[in-house]
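Data block below; observations after.
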Amino acid sequence: MSRKQLARSGGDLSRLGADDTGATMLHLDMDSFFVSVELLSRPELLGRPVIVGGRSGRGVVVSASYEAREFGVHAAMPMARAMNLCPFAEVIPPSHGLYSTFSQTVFDLVAQVTPDFWQVSVDEAYIDVSGAVRRLGSPALITSELRAEIAARTGLRASVGIAGSRVVAKLASTRAKPNGQLLVPLASTQEFLDPMPIEALPGVGEKTREAFFRYGIRLIGDLAAVDEAWAGRVFGAHGHHLWRGAHGWDSHGMDRQVKDRSISAEHTFGEDVWDLSQLEHELLRLTDKVAHRVRADGKVATTLGLKYRLGDFTTLSRSVTLEAPTDLAQEMYEALRPAMRDLRAQRSKGVRLLGVRAAGLMDFTVSGRQARLDEAEHSGREAEVALDDVRRKFGTAAISQASLLSRHPNSE
Ligand SMILES: [Mg+2]
């Protein structure tokens, strides 16, 4: 079963209740986005199994209509296999420009609700409506109006999860599909999570699932019931992260202790910048600044954010969940650079502002990072820590930039 199918198996949703107080984190996900966009111009195919993807021998499924999914077809599946499962499906080759046009219309509508949203893919975003409630009404009301507006303007359907944190909102949007919205009241969060299979939790891959199974942990509720310290001992930093997720806590929502605890830096250019190497240079400078402050606090970051504002003030953002937590500029830079290149490829406009944010901060000592100190890769760490000393003594940033840049020639 795919993660989405897994997330759909769980408890009785009707018992969750309807109190949306404080459930200000939305996860919006367009329904079978690529297929739906194609069907706008091919209404005769509505209700039929349709697959968007490459038709050639090595093609893969980009997206499948719900009718095709009934046959077991899903995204990223080899097309040959999909055609075996569903031989009568209509196959449409992807038409790229079209998707970003519709995507932009959708996120322009989201931006009218609040600037506090994080687009994570062409058809998916987290939206923090805490600042919009007073102006626009409760989270559930904002959601139904936004979905209606998207449908009216694009003819496309969006499903939305409404919850107190990102992790719960994401699981809720999956269960809201198709064309629905699902509220998980703060008080019902654990009840919602408990019956779900452990592998529905973001971050639990095949290996982690097997390890959990060996300890008899099969449901999210099983993980929520163990001691956090145990999860940390067995799975390291990842264990702490997952244990928190099993309670519906992440660094963006209900967890008041770490909420808003992030370290960020941004830079506004004197003139809009088009040049990739200049953008990368600035990204490096910002990650250096942020990493220095993360180290000074004795922390490591588990997620990173990139803020990317265009000359017309359109603000795009990307969030990257790190494989392993870090306090190093070099690793932050390498994690964010592909996201920045991706944004630049999507929007051929000059950039006005660039920002970097380190979030999901945890103590260096419990992060598991310590255990890697012996590894060869730590020459990079020593160099950065040495720069911290230089900065303490001389208070200059120029030295660090120059040294970092010499390690990072603007390689393509
Ligand atoms: Mg989608």
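Shown here for the range 285-337: chymotrypsin sites (Phe, Trp or Tyr not before Pro) in loop regions (DSSP other than H, G, I, E, B) with at most 10 other Cβ atoms within 10 Å, namely Phe313. Of the residues His74, His241, the one with the fewest other Cβ atoms within 10 Å heads the list, and the complete ranking is His74, His241. Taking the Cα centre of the range 34-96 as origin and assigning +1 to Lys and Arg Cβ atoms and -1 to Asp and Glu Cβ atoms, the resulting dipole is close to 220 debye. In this Cβ point-charge picture (+1 for Lys and Arg, -1 for Asp and Glu), the range 217-329 has a dipole of about 440 debye about its Cα centre.
Amide H contacts for Arg352 (H built 1.01 Å from N in the peptide plane; partners 5 or more residues away or on another chain; cut-off under 5 Å): Val273, Arg309, Leu310, Gly311. Computed from point charges on the beta carbon alone (+1 for Lys and Arg, -1 for Asp and Glu), the dipole magnitude for the range 197-246 about its Cα centre is near 60 Debye. Over the range 197-246, Cα pairs under 8 Å with separation of 6+ residues give a relative contact order of 36 percent. Taking the fewest neighbouring Cβ atoms within 10 Å as the starting point, the ordered list for Phe34, Phe235, Phe212, Phe269 is Phe269, Phe235, Phe212, Phe34.
From least to most packed, judged by other beta carbons within 10 angstrom and beginning with the fewest, Glu44, Glu280 follow the order Glu44, Glu280. Evaluating 6.51 cos²θ - 1.76 cosθ + 1.60 at θ = phi - 60° for every residue in the range 101-108, the Karplus couplings come out as 4, 5, 4, 5, 4, 4, 7, 5 Hz, glycine and proline recorded as x. Taken along its three principal axes, the alpha carbon spread of the range 34-96 comes to 27, 25, 15 Å, from the longest extent down to the shortest.
Sequence-distant contacts, meaning Cα pairs under 8 Å at least 6 residues apart, place the relative contact order of the range 34-96 at 35 percent. Each Cα pair under 8 Å and six or more residues apart adds its sequence gap; the mean of these over the residue count of the range 197-335 is a relative contact order of 16 percent.
Read-outs: derived from the displayed coordinates by stated rules, not from any lab. Because the structure is a prediction, the values reported are computed rather than measured. Glycine also receives a Cβ, built like all others from the backbone with ideal geometry; neighbour counts cover every protein chain displayed.
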